[in-house]
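In what follows, a single structure is set out as structure tokens and then discussed.
Every number in this text was worked out from the coordinates using simple rules, so none of it is lab data. Just so it is clear, the structure is predicted and the values come from calculations on it, not from any experiment. All Cβ positions, even for glycine, are placed from backbone atoms using ideal geometry, and neighbour counts span all protein chains on display.
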Amino acid sequence: MVYKTRGVCSQLINFEVEDGKIKNVSFVGGCNGNLQGISRLVEGMDVKEAISRLEGIRCGYKATSCPDQLAQALKQTL
């Protein structure tokens, strides 16, 4: 799936879901090192678990964040 982000530095999130598990997460744009870390941490994680951990995280003054945007993208797969 390709998800167009809103309100954050990254522009897109690419990922796959197979048997309820997250695979092959990559972000386009944003804070490269941090987003690589998030991608590796959620690899193989259950979609619902990732949503519960990431949803609602804010980036500074913004109402959302790259992790929150990933949660929003994952919610669309349910």
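At-a-glance table
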item: Residue match in the range 18-25 (condition: surrounded by 14 or more Cβ atoms within 10 Å (Cβ to Cβ) and charged (D, E, K, R)); result: yes
item: Index of the failed condition, Gly37 passing every other in (1) in a helix (DSSP H, G or I); (2) surrounded by fewer than 15 Cβ atoms within 10 Å (Cβ to Cβ); (3) of a type outside the set (D, E, K, R); (4) touching a residue at least 60 places away in the same chain (Cβ under 8 Å); result: (4)
item: Filter result for Ile57 (crowded, with 19+ Cβ neighbours inside 10 Å, of a type outside the set (Ser, Thr, Tyr) and either touching a Leu at 6+ places or on another chain (Cβ under 6 Å) or on the phi < 0 side of the Ramachandran plot (or both)); result: no
item: Breaking point among (1) in a loop (DSSP other than H, G, I, E, B); (2) of a type in the set (Ser, Thr, Tyr); (3) in contact (Cβ under 8 Å) with a residue 40 or more places away in the chain, for Tyr61; result: (3)
item: Condition broken by Gln76, with the remaining ones in (1) out of contact with any strand residue (DSSP E or B) (no Cβ under 9 Å at 6 or more places or on another chain); (2) in contact (Cβ under 8 Å) with a residue 60 or more places away in the chain satisfied; result: (1)
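The rows are residues; the columns are (1) surrounded by fewer than 17 Cβ atoms within 10 Å (Cβ to Cβ); (2) on the phi < 0 side of the Ramachandran plot.
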residue	(1), (2)
Gly44	yes, no
Glu49	yes, yes
Tyr61	yes, yes
Leu70	no, yes
Ala73	no, yes
Gln76	yes, yes
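Conditions tested, residue by residue: (1) among the charged types (D, E, K, R); (2) farther than 14 Å from Thr5 by Cβ; (3) in contact with a helix residue (DSSP H, G or I) (Cβ under 6 Å, 6 or more places away or on another chain).
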position	(1), (2), (3)
Glu16	yes, yes, no
Gln36	no, yes, no
Leu41	no, yes, no
Asp46	yes, yes, no
Ser52	no, yes, no
Leu70	no, no, yes
Ala73	no, no, no
